[in-house]
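K.L.:
Supplied in structure tokens, the structure appears directly below.
Every number here is computed from the coordinates shown, using simple stated rules; none is lab data. All figures in this text were calculated on a predicted structure; none of them were measured in a lab. Methodologically, a virtual Cβ is constructed for each residue, glycine included, from the backbone with ideal geometry; neighbour enumeration extends over all protein chains shown.
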Amino acid sequence: MAGHVIYDAGLTVNGTDISGQANQVEMRLSRAEISWQNYGDAAMNKDAGIRDEQIRIAAVYTDGATEAVQTLWDLYTGSDGGTDGTVAVTPIASGTTWTGVGKIIEMPVTVNMGEVGAVDVTFAIDGTIATS
């Protein structure tokens with residue numbers, strides 16, 4: 001799966017700015033591989049199928065980051081296995097905004113005693129990531 005890792009970006013989730021807590025954003029972009037063969041052909045043909053896209057956010061989990069973590073937690077624990085969230089990523093260098101809408105499918109939280117904790121959230125995007 002191809003990925004674009006972004007380190008310096010504006011980042012909002014459902015309108016809440018979590019740029020100050022996020023230390024990495026990764027957009028995972030992939031397509032299903034379709035193999036087919038015409039009758040009598042000696043080799044397989046390959047095509048790109050439907051898109052499967054995700055946005056992964058790695059963030060710090062501290063007492064000062066409660067709004068960001070609460071926003072993510074509310075989306076993860078929403079009704080029907082989670083609530084759709086809108087993620088908007090704007091890399092400082094380009095100014096292009098990538099936006100995706102989807103549910104959190106993974107949210108491990110790591111807290112070691114005496115250290116800053118971490119949360120690593122993966123959104124499965126409904127449809128595709130759009131640019132503007």
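K.L.:
Once label points are set 7 Å from the Cα along Cα→Cβ at both Val109 and Trp36, what is their separation, rounded to one decimal in nm?
P.N.:
4.7 nm
K.L.:
Relative contact order of the chain: what whole-number percent is it, with Cα pairs under 8 angstrom and at least 6 residues apart?
P.N.:
Numbers: 285 pairs, mean separation 34.1, N = 132.
RCO, the chain: 26 percent.
K.L.:
Would you calculate a helix-derived [θ] at 222 nm for the chain, using -39,500 (n - 2.57) for each DSSP H run of n ≥ 4 and dividing by the full residue count, to the nearest 500?
P.N.:
-2500 deg cm²/dmol
K.L.:
May I ask you to derive the FRET efficiency for Asp17 and Asp52 from their Cβ-Cβ distance with R0 = 30 Å, giving the value to the nearest 0.05?
P.N.:
0.60
K.L.:
Relative to the longest principal axis of the C-alpha atoms of the chain, give the angle of the C-alpha long axis of helix 66-76, reported between 0 and 90° and rounded to the nearest 10°.
P.N.:
So the inclination is approximately 40 degrees.
K.L.:
May I pose another question? In what sequence, highest mean first, do 85-96, 49-60 appear when ranked by Cβ atoms within 10 angstrom?
P.N.:
Highest to lowest by the protection proxy: 49-60, 85-96.
K.L.:
With Kirkwood radius over Cα pairs in Å in mind, check (1) 16.1; (2) 16.9; (3) 22.8 and report the label derived from this structure.
P.N.:
Answer by label: (1).
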